[in-house]
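A.B. asks: Mind looking over this structure? Questions follow.
Taken together, the values in this text are just the output of simple stated rules run on the coordinates, not laboratory data. Quick caveat, the model's predicted, so the values are computed rather than measured. Note: ideal-geometry Cβ built from the backbone for every residue, glycine included; neighbour counts use all protein chains shown.
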Amino acid sequence: MDRHELAWAAGFFDGEGWANAIAHEGRQTRQPHAQINQSDDSGVPLVLERFRSAVGRGRIGGPERREGRIDRYGWIVSSRSDVADVWRRIDPWLGTVKRAAFGAALGERPAAQPWQPTHAEQLSWAGGLYDGEGSASVTSHRTHEGHFSPEISLTQSGTAVPEVLERFRKVVDRGHIDGPYSQEGATLPVFRWKTGAITDVEQTIYMLSPWIGPVKREQARRVLRVLVGQGRLPRGNIAWGNRKTHCVHGHEYATARIRAFVPRAGGAQPRENQRCLVCLRDFARAQRQRNHTIGRR
């Protein structure tokens, strides 16, 4: 079995799967059951086919049709042996919440995870979680008409910040987690990992692209095409002084000269902002006069 595909499957189950022991009519005991639901208006979702292929168990049911909603499909295992086998295969990469769910479904206590994933397996797991819960999009820029701002996000519900979001953030080494939020239809508070800095969006997409499925990969590539097409925006807002030609006291930079500001104390890195040399000289002259006046008292 491909360990990277199993790591992806664990991430996908962490995002979208559930496991429990459920009661069936005519049975005295509750039956272990695991399931992943996905909606798609073009047929069986590719991610469900990929998951079934990775774990080698289960069936895909559907579509379940409801008025006003996209057709829903589900990967399902409903025998004790199959549930136990799926758990065993993806357990090394699975988060604590879903490990506990499998344990509850089977009436077993999760064992200690036997090894730490490699970096490639961690990225594969992150790709699976992103395939289940992630999205990439652009919105109109607040201040530059005709330009767009990117965002990549990933949501999870929980009573506290979900472990899998913290783990995802560590794997991609970017973004931050917001929440909790109230969301219609959610039974628990919602938390969200996201990043909107262009370089962070690009790097996250490049890291995850080898591991995510074609639907989320194409969505991410559309965002990259928008960013490449619009080019890099200059930092700052023209209305707030970016690329200005005169300082606040009216000295023209072309004649007054500008230089990078470097603190005299030393040790600190030069700041990116510029200061007018004429203003600096006027300030230094005023400081000397004030110190001279104080010294004569």
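A.B. asks: So which residue, out of L106, L280, L165, gets the largest mean-square fluctuation from a GNM of the chain using Cα contacts under 10 Å as springs?
C.D. replies: It is L280.
A.B. asks: Continuing with the same structure: Sort out for me the Cα centre separation of the stretch 177-207 from the stretch 74-122, rounded to whole Å.
C.D. replies: Cα centres, the stretch 177-207 to the stretch 74-122: 25 Å.
A.B. asks: Hand me the tally of lysine pairs in the chain: alpha carbons under 21 angstrom apart, and the pair either on different chains or 8 or more positions apart.
C.D. replies: Details: K98/K170; K170/K194; K170/K216; K194/K216.
Lysine pairs meeting the criterion: 4.
A.B. asks: Under a GNM of the chain (C-alpha, springs under 10 Å), which listed residue has the highest mean-square fluctuation: R30, R217, R174?
C.D. replies: Among R30, R217, R174, the largest GNM mean-square fluctuation belongs to R30.
A.B. asks: Could you state the angle between the C-alpha long axis of helix 3-16 and the longest principal axis of the C-alpha atoms of the chain, as a value from 0 to 90 degrees rounded to the nearest 10?
C.D. replies: That helix lies at roughly 90 degrees to the long axis.
A.B. asks: Quick check: the distance between the Cα centres of the stretch 1-59 and the stretch 145-160, to the nearest angstrom?
C.D. replies: What the calculation gives is 26 Å, centre to centre.
A.B. asks: Just checking my list [x] 62, 37, 27; [y] 100, 44, 36; [z] 68, 43, 42 against Cα extents along the principal axes in Å computed from this structure; which label fits?
C.D. replies: After the calculation, the listed value that fits is [y].
A.B. asks: Quick one: net charge around D200, please, counting Lys, Arg +1 and Asp, Glu -1 for every other residue with C-beta under 12 Å from its C-beta. Mind showing how you got there, number by number?
C.D. replies: Working: positive: R169, R174, K194; negative: E151, D173, E202.
Net charge around D200: 0.
A.B. asks: With axes computed from alpha carbons, what is the tilt in degrees of helix 46-55 against the longest principal axis of the chain, rounded to the nearest 10 within 0 to 90?
C.D. replies: Once rounded, the angle reads 60 degrees.
A.B. asks: Something else now. Which loop GluC sites (Glu not before Pro) in the stretch 1-105, with loop taken from DSSP, have no more than 16 other Cβ atoms within 10 angstrom of their Cβ?
C.D. replies: Passing both the DSSP loop test and the Cβ count: E25, E67.
A.B. asks: Between helix 198-208 and the chain, what is the angle of the helix's C-alpha long axis to the longest principal axis, kept within 0 to 90° and rounded to the nearest 10?
C.D. replies: 30
A.B. asks: Out of the trypsin sites (Lys or Arg not before Pro) in the stretch 36-77, which ones are loop residues according to DSSP with at most 15 other C-beta atoms within 10 Å?
C.D. replies: Details: sites: R50, R52, R57, R59, R65, R66, R69, R72; in loops: R57, R65, R66, R69.
Passing both the DSSP loop test and the Cβ count: R65, R66, R69.
A.B. asks: Follow-up. Give me the dipole magnitude in Debye, nearest 20, for the chain about the Cα centre, with unit charges on the beta carbon: positive for Lys and Arg, negative for Asp and Glu.
C.D. replies: 2120
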